[in-house]
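So the structure is just underneath, and the comments pick up after that.
The values are calculated or read from the model by the stated rules, or taken from the named source; none is laboratory data. On a predicted model such as this, the values are computed, not experimentally measured, just so you know. With ideal geometry, Cβ positions are generated from the backbone for all residues, glycine too; neighbour counts draw on all protein chains shown. Just so you know, the surface numbers come from the protein's heavy atoms only, side chains and all, with ligands and any DNA or RNA stripped out. Shrake-Rupley method; radii C 1.70, N 1.55, O 1.52, S 1.80 Å.
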Amino acid sequence: QAQLVESGGGLVQAGGSLRLACTTSESYFSPNAMAWYRRPPGKQRELVATYTTGASTLYADSVKGRFTISRDNAKNTLFLQMTNLKPEDTAVYYCRLQTWNAAYWGQGTQVTVSS
């Protein structure tokens, strides 16, 4: 089974930046099948960013222009660079991998943005 390990969350002031990382094994690493989601307090989990085909990307409207998804194939790692963070970005952020027969989720990393 795939294991996804997220890191990089923390507490930051509004306007600050964080970079999240999601690492998995080489055999499972597939950036076009991976995505970042988040679950804000009291709300449902929502898609934040993903690759679609090739190097094309898709972002939630609320993060466009502030977040950037990227990858390091040599390190089997997917990144989410978050800039100009806002209090409403506070959430647990998850990495998701979709294989041909299953969806895998990381344990999540907490991002808290103070005003």
E88 versus (1) more than 23 Å from Q1 (Cβ to Cβ); (2) surrounded by 13 or more Cβ atoms within 10 Å (Cβ to Cβ); (3) charged (D, E, K, R); (4) more than 10 Å from the chain's Cα centre (by Cα): which is the lone unmet condition? (2)
Exactly one of these conditions fails for R19: (1) open to solvent by less than 60 Å² (accessible area, probe 1.4 Å); (2) not in a loop (DSSP other than H, G, I, E, B); (3) not polar (S, T, N, Q). Give me its number. (1)
Could you list, ordered by first residue, the pairs with Cβ atoms under 6 Å in which the first is in the stretch 28-41 and outside any strand (DSSP E or B) and the second is among the basic types (K, R) and crowded, with 16+ Cβ neighbours inside 10 Å, at least 6 apart or interchain? P31/R71
What single numbered condition from (1) in a strand (DSSP E or B); (2) exposed (fewer than 13 other Cβ atoms within 10 Å of the Cβ) fails to hold for G65? (1)
Can you name every residue in the stretch 91-115 that is open to solvent by 70 Å² or more (accessible area, probe 1.4 Å) and free of Cβ contacts under 8 Å to residues at least 60 places away in the same chain? W100, N101
